[in-house]
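Inspection log for the structure reproduced underneath, given as structure tokens.
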Amino acid sequence: MDELFELLRFASISTDSGHKVDVQACADWLAARMAAAGLQSEVCPTGGHPVVIGRNEQEADRPTVLVYGHYDVQPVDPLELWESDPFDPVIRDGRIWARGSTDNKGQFFAHLCGIAETIEEDGKLPVNLIMLLEGEEEIGSPSLRPFLEAHRGELACDVIVVSDTGMVAPGVPTLGYGLRGITCCEFAIRGPARDLHSGVYGGAVANPGTAVARLVASLHDDNGRVAIDGFYDDVVALEDWEREMWRSVPGMSEEDILGVTGAPSLFGESGYTSAERLWARPTAEVNGIWGGYQGEGSKTVLPAESFAKLSFRLVPGQDPSDIMDKVQAHLEKHCPEGVTVEVERGHHGQAYRSDPHSAHGRAAQEALRKTFRADPVLIREGGSIPIIQDFKEVLGVDTLLLGLALPDCQIHSPNENFTVENFEGGIRLNRVLFEELAGI
Ligand code: BES
Ligand code: MN
């Protein structure tokens, strides 16, 4: 716990260049911690933030397991909503409160603690281990795919293990076998050459504030479906056994989701349950929208510009750049008269899907069952970890998603927290999992 606290004190915010030294210091600390556990460790520079790698003695005739995690974190704003300092962890109500406690430091550090414990008690691990920790997951992993391509020989493995996803409810072990993909953009609406008096010109000159609202509203129809031409063309439909299995997954009822989100009611694409909407259907989301006067009181102005940031969650079959072509065409086609729209494309990553009933999947299920003394549920995830599909393409291997985040861990939000119970469960899980994988 003391060591996890040390790790959580690094403000390793990858998106903010002002925190570059904290990201580097965090990487150095991790390499030292791996070395102390008996691994050979290395901080590998990239074009962006470093990758940290640790390995044990690699022996022939046993499987190689790559454990992936990310030591970068999301920004902390709005800071005033935190009940304690995001980079000064504390334990309260059985939870560790800090930015990165769940996403992802606490989760991967549980594996590192498990590894250290096994080496200390047994002298060695039952598998060949490559532990790979990156510092750019929260900004779309721009350096990691080239890193994989450059080091594919040294990173060859049989399976990948990641704890960076969710557990559907406390005490319900969860194996993830899919992730949504993502593609992001922002767009600018430009109208008059400068902000205008809204009385002198309003009515004769188009208003960019109205235009951004109309464009954002044009993304969906009234049934919650995305209204972009061709958006659903390549969507692979969810399978009957998934629909059946997800009907009884704990933690996904209407009351559960209302409770954890605080929303007044649920809304989404008609014809699907919440689990289906979240895990197997694509979406269009507005991440931010702004323009015009935001200060106190009123200002009768017709703003010259307005903006929005969008992201689209994707499912298997959809290609991120094809979808972004369609988004761009939609925005240009629906741009109201009297203004112009300029689209800037952002990062993207593909969806991922694997077979939870493969030999590795069954080993993971068994490890979860033994560790948490309950039958695991099999889910896909609504969130994205774009590098997982890259692992599949570059290294040719599947990933076991062993989530330890609970729905109320508040990842990406103020007051992120990780339960002490799942931190300890993750440590136990690591040992059992490696034994199961060694026995395949
Ligand atoms: N750990 C999350 C992804 C996640 C969270 C998956 C919960 C499943 C359940 C990860 O750190 C994350 O936030 N990913 C980003 C990816 C993006 C920045 C490319 C996401 O999903 O928004
Ligand atoms: Mn995250």
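The values are calculated or read from the model by the stated rules, or taken from the named source; none is laboratory data. Predicted model only: the values in this text are computed from it and were never measured. Neighbour counts are summed over all protein chains in view; Cβ atoms, including those assigned to glycine, are modelled from backbone coordinates with ideal geometry. Heads up: the accessible areas ignore ligands, DNA and RNA and are worked out on the full protein's heavy atoms, side chains in. Shrake-Rupley method; radii C 1.70, N 1.55, O 1.52, S 1.80 Å.
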Open item on the list: Looking only at the range 185-213, how many residues end up being open to solvent by less than 20 Å² (accessible area, probe 1.4 Å) and not aliphatic (A, V, I, L, M)?
Closed with: 3
Open item on the list: Looking at the range 391-413 only, could you name the residues that are out of contact with any Cys (no Cβ under 7 Å at 6 or more places or on another chain) and open to solvent by less than 30 Å² (accessible area, probe 1.4 Å)?
Closed with: PHE391, VAL394, THR399, LEU400, LEU401, LEU402, GLY403, LEU404, ALA405, LEU406, CYS409
Open item on the list: Quick check on the range 350-363: of everything there that is touching a Pro at 6+ places or on another chain (Cβ under 8 Å) and open to solvent by less than 20 Å² (accessible area, probe 1.4 Å), which residue is nearest to ARG313 (Cα to Cα)?
Closed with: ALA351
- [ ] Within the range 66-80, identify whether any single residue is touching a Ser or Thr at 6+ places or on another chain (Cβ under 6 Å) and not charged (D, E, K, R), and answer yes or no.
- [x] yes
Open item on the list: Looking at GLY114, GLY106 in this structure, which one is within 14 Å of ligand 1 (Cβ to nearest atom), in a helix (DSSP H, G or I) and closer than 20 Å to VAL162 by Cβ?
Closed with: GLY106
TODO: Determine if the range 35-48 includes at least one residue that is under 21 Å from the mean Cα position of the chain (by Cα) and surrounded by 22 or more Cβ atoms within 10 Å (Cβ to Cβ).
DONE: no
- [ ] Please go through the range 167-184 and pick out each residue that is farther than 11 Å from LEU378 by Cα and either within 16 Å of ligand 2 (Cβ to nearest atom) or surrounded by fewer than 24 Cβ atoms within 10 Å (Cβ to Cβ) (or both).
- [x] ALA169, PRO170, GLY171, LEU179, ARG180, GLY181, ILE182, CYS184
Task: Residues that are farther than 18 Å from PHE418 by Cβ and either open to solvent by less than 10 Å² (accessible area, probe 1.4 Å) or within 16 Å of ligand 1 (Cβ to nearest atom) (or both), drawn from the range 119-134 - done: LEU125, VAL127, ASN128, LEU129, ILE130, MET131, LEU132, GLU134
- [ ] Could you run through the range 67-94 and say how many residues are at negative phi and surrounded by fewer than 22 Cβ atoms within 10 Å (Cβ to Cβ)?
- [x] 17
Open item on the list: Within the range 214-226, take every residue that is hydrophobic (A, V, I, L, M, F, W, C) and touching a residue at least 12 places away in the same chain (Cβ under 8 Å) and give me the one that is most open to solvent (accessible area, probe 1.4 Å).
Closed with: VAL216
Open item on the list: Looking at the range 178-199 only, could you name the residues that are of a type outside the set (Gly, Ala, Ser) and either in a strand (DSSP E or B) or within 23 Å of VAL236 (Cβ to Cβ) (or both)?
Closed with: LEU179, ARG180, ILE182, THR183, CYS184, CYS185, GLU186, PHE187, ILE189, ARG190, LEU196, HIS197
Task: Qualifying positions in the range 158-177 - more than 10 Å from ligand 1 (Cβ to nearest atom), in a strand (DSSP E or B) and of a type outside the set (Ser, Thr, Tyr) - done: VAL159, ILE160, VAL161, LEU175
Open item on the list: Checking LEU133 against (1) in a loop (DSSP other than H, G, I, E, B); (2) under 21 Å from GLY114 (Cα atoms): exactly one of these is not met. Which one?
Closed with: (1)
